[in-house]
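J.: Sending over a structure as structure tokens; questions will come in a sec.
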Amino acid sequence: MSNKLKGVGTAIVTPFHKDGTIDFKSLQKLVEYQIKGNVNFLVVLGTTGESVTLNKDEKTAVANFVVETVAGRVPVVLGLGGNNTQEVVNAIKNTDLEGISAILSVSPYYNKPQQRGIFLHYKTIANNCPLPVIIYNVPGRTGGNISAETTLKIANEIENVIGIKEASGNLSQCMKILKNRPADFLVLSGDDALTLPLMALGADGVISVVSNAFPSEFSEMVQLCSKGNFKKAQEIHYKLIRIIDALFEEGSPGGIKAVLEIKKICNNYFRLPIVGVSKAHYNNIATLLEEFSSQN
């Protein structure tokens, strides 16, 4: 499975109607756009998908709809994590995993466990999960970091954990993991802007936000990196970098949904406490998209 989860995995947004209900028509459009853009896999119900504001039935409906729409054309990874280990285990046992290839599980947030607690959290989850598990380190959101030493301990001692989405932004930490990981342990960038440098250091790909809107361009860049053609990859990287930075300037997924609305893929609606970007920033994003189009 680790070979199938290399390259670009798009962490897809969850489109909403103005009244807050899920917009399945736009979700289908988005999924087809990703597959047409040659992404390698999809991640559903991640941070970008606003999973924390969906109830249990809605999560089931979204996951099942994506699996049905994909129809086996690319792997689907399901976001399933939390800061209560037993509740995560219960959720795994009570979730229909038909058509799902792996679980992406965020590091426990808010309660800020020790590194030993993080290790035991993932060990417990992996031992109770019938699918491979990818751990997700995102200190900016969780309030705690998975150290390189803990990641390597997990990689070497927990067989069912096949990789990590690394979004610490700490290149030194990433290099320790890349240098010392087992051969079949995936390291996927969790930062679009750092994907190229991380792949130059040996990473296997990315779980991306920007690929929601630019699947073919970002996939091409990552494929070029995989082939060692970093000069050509840099050209795409530098064309996209201002847009990537803009996506996160006022928070994600506010930025990417603004882009998707401008590109007429889905509407720019959210559930509280998430809100859209300011009008001034929306206009700035629109200008950046015009400039990007003029370069191609």
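The values are calculated or read from the model by the stated rules, or taken from the named source; none is laboratory data. Because the structure is predicted, anything quoted here is derived from the model rather than measured. So basically every Cβ, Gly included, is an ideal-geometry build from the backbone, and we count neighbours across all protein chains shown.
J.: Can you name every residue in region 100-128 that is in a loop (DSSP other than H, G, I, E, B) and either out of contact with any Phe, Trp or Tyr (no Cβ under 8 Å at 6 or more places or on another chain) or closer than 17 Å to T150 by Cβ (or both)?
T.: If the condition is that a residue be in a loop (DSSP other than H, G, I, E, B) and either out of contact with any Phe, Trp or Tyr (no Cβ under 8 Å at 6 or more places or on another chain) or closer than 17 Å to T150 by Cβ (or both), then I100, S107, P108, Y109, Y110, N111, K112, P113, Q114, N128 are the ones that fit.
J.: Related question: Looking only at residues in region 213-231 that are in contact with a strand residue (DSSP E or B) (Cβ under 9 Å, 6 or more places away or on another chain) and of a type in the set (G, A, S), which one is surrounded by the most Cβ atoms within 10 Å (Cβ to Cβ)?
T.: By that ranking, first place goes to S219.
J.: In addition: Just give me the residues in region 144-182 being modelled with pLDDT of 95 or more and assigned to a loop (DSSP other than H, G, I, E, B), in sequence order.
T.: Listed by number, the residues that qualify are G144, N145, I146, S147, I158, N160, A167, S168, G169, N170, R181, P182.
J.: Quickly run through region 109-163 and pick out the residues that are within 25 Å of E249 (Cα to Cα) and out of contact with any Lys or Arg (no Cβ under 9 Å at 6 or more places or on another chain).
T.: Correct list: Y110, P139, G140, R141, N145, I146.
J.: For residues that are within 17 Å of S2 (Cα to Cα) and either surrounded by fewer than 15 Cβ atoms within 10 Å (Cβ to Cβ) or in contact with a helix residue (DSSP H, G or I) (Cβ under 7 Å, 6 or more places away or on another chain) (or both), tally how many sit in region 155-179.
T.: 11
J.: Still on this structure, please answer the following. Are any of the residues in region 247-264 of a type in the set (D, E, K, R), free of Cβ contacts under 8 Å to residues at least 12 places away in the same chain and surrounded by 13 or more Cβ atoms within 10 Å (Cβ to Cβ)?
T.: Yes, region 247-264 contains a residue that is of a type in the set (D, E, K, R), free of Cβ contacts under 8 Å to residues at least 12 places away in the same chain and surrounded by 13 or more Cβ atoms within 10 Å (Cβ to Cβ).
J.: Suppose we filter region 51-81 for residues that are of a type in the set (A, V, I, L, M, F, W, C) and at positive phi; how many remain?
T.: Residues in region 51-81 being of a type in the set (A, V, I, L, M, F, W, C) and at positive phi: 1 in total.
J.: Show the residue pairs meeting these rules: Cβ distance below 8 Å; 6+ apart or different chains; first residue within region 108-123 and surrounded by fewer than 16 Cβ atoms within 10 Å (Cβ to Cβ); second residue outside any helix (DSSP H, G or I).
T.: Y110/N83; Y110/G143; N111/N83; K112/G143; K112/G144; Q115/I146; Q115/S147; G117/P108
J.: Please work out which residue is farthest from the chain's Cα centre (by Cα), limiting yourself to region 183-195 and to residues that are in a loop (DSSP other than H, G, I, E, B) and buried (at least 22 other Cβ atoms within 10 Å of the Cβ).
T.: Top of the filtered list is D191.
J.: Pairs, please: C-beta under 8 Å, at least 6 apart or cross-chain, first residue in contact (Cβ under 8 Å) with a residue 40 or more places away in the chain and in region 157-176, second buried (at least 19 other Cβ atoms within 10 Å of the Cβ) and polar (S, T, N, Q)?
T.: That search, which allows pairs on different chains as well, returns K165/N137; K165/S189.
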